[in-house]
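Reviewing the structure listed below.
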Amino acid sequence: MEIKKVNAIFDELRLEDVQEALRTYAASGFSTGCVGGSSGDNDANSYLLIKHTQIEIYINAEHAKKVARLIESVVSVNGGDKFLVSIEPIDGLFGCPRNVF
């Protein structure tokens, strides 16, 4: 079975919505954490610390794009929302991957 990692960084206020969407899709195994950084834009807010949430999901490759698009649809409700969703290959997965479907 080929495994991929879906990694997403988005506004912390969208976390509950993303978690609910993932549970509805039956992706119950994911990790979350708080991340912060600069937006990188050349505007007045570019040096302010922006709080975001990062979520990682190890998932069967056939579901990776669907899950990435699901997250994108939940976090991009406003046209100006900034987020990042990536899909990464996994060369090996060790431990007990019960929640990988």
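Listed values, structure above:
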item	result
Residue in segment 83-101 that is part of a loop (DSSP other than H, G, I, E, B), modelled with pLDDT under 90, in contact with a helix residue (DSSP H, G or I) (Cβ under 8 Å, 6 or more places away or on another chain) and not acidic (Asp, Glu) present	yes
Cβ pairs under 9 Å, 6+ apart, first in segment 62-74 and of a type outside the set (Val, Ile, Thr), second open to solvent by 10 Å² or more (accessible area, probe 1.4 Å) and assigned to a helix (DSSP H, G or I)	HIS63/TYR25; LYS66/TYR25; LEU70/ALA21; LEU70/THR24; LEU70/TYR25; SER73/ALA21
Per-region count, segment 1-26, residues part of a strand (DSSP E or B) and not aliphatic (A, V, I, L, M)	5
Lone unmet requirement of (1) at pLDDT 90 or above; (2) of a type outside the set (A, V, I, L, M); (3) open to solvent by 80 Å² or more (accessible area, probe 1.4 Å) for GLU56	(3)
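The values are calculated or read from the model by the stated rules, or taken from the named source; none is laboratory data. This structure is a prediction, so every number in the text was calculated from the model and none was measured. Cβ sites come from the backbone with ideal geometry, for glycine too, and all protein chains shown count toward neighbours. Heavy atoms of the whole protein, side chains included, go into the accessibility calculation; ligands, DNA and RNA do not. Shrake-Rupley method; radii C 1.70, N 1.55, O 1.52, S 1.80 Å.
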